[in-house]
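Remarks on the structure that follows.
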Amino acid sequence: MGKGILEVKLVDAKGLLNTEAIGKMDPYVVIQYRNQEKTSSVARGQGTNPTWNETFKFLVQYSGDNSQHKLILRIMDQDTFTADDFVGQATINVADVILLGMENGKGELHTCKHRVVLADQTYCGEIRVGVTFTPKVDEDTSEELGGWRDSFHY
């Protein structure tokens, strides 16, 4: 089993479905990886073409089961007096990026467009996201193997 850091670069979105009857949307993104969840800032007044340029980090424990490694990006519209509106969702399978990172020391999915869809899979815009995975070496391993720390006793 391998560990590492999955870094998600949330860039922007285009052509989102406007959920506001009056005025512009205030979109934000809830990014979920397995049981971890992070929330972007709210792009106030940016409407259907918001820009975030934010980076989020998730801890990965890779066991070889590729079906578990998906990023889910839920785009929401912040409302003041009512519950926030669901705008759309994008799902990115990151298993290959993680596997590449485990083999080569780094895996990367360059920033590109992903389809944003409604619950019925109807297209409702696009979101640009980049993903990088870097394996993490356990610090405890050096103690188990011995080495210069154990060589000098005063």
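Identify all residues within segment 1-21 that are polar (S, T, N, Q) and open to solvent by 50 Å² or more (accessible area, probe 1.4 Å); write none if there are none. Matches in segment 1-21: ASN18 only.
With a cut-off of at least 2 residues that are surrounded by 19 or more Cβ atoms within 10 Å (Cβ to Cβ) and either in contact with a strand residue (DSSP E or B) (Cβ under 8 Å, 6 or more places away or on another chain) or free of Cβ contacts under 8 Å to residues at least 40 places away in the same chain (or both), name the strands (runs of 3 or more DSSP E) lying wholly within segment 22-135.
Values: elements: 27-33, 36-39, 51-62, 70-77, 85-93, 107-117, 123-135.
So the answer is 27-33, 51-62, 70-77, 85-93, 107-117, 123-135.
Going by what's in this entry, would THR55 be described as more than 20 Å from PRO135 (Cβ to Cβ) and polar (S, T, N, Q)? Criteria not met by THR55.
The values are calculated or read from the model by the stated rules, or taken from the named source; none is laboratory data. Quantities reported herein were computed from a predicted structural model and do not represent experimental measurements. Backbone-built Cβ (ideal geometry, glycine too); neighbour counts: all protein chains shown. Ligands, DNA and RNA are excluded from the accessible area calculation, which covers all protein heavy atoms including side chains. Shrake-Rupley method; radii C 1.70, N 1.55, O 1.52, S 1.80 Å.
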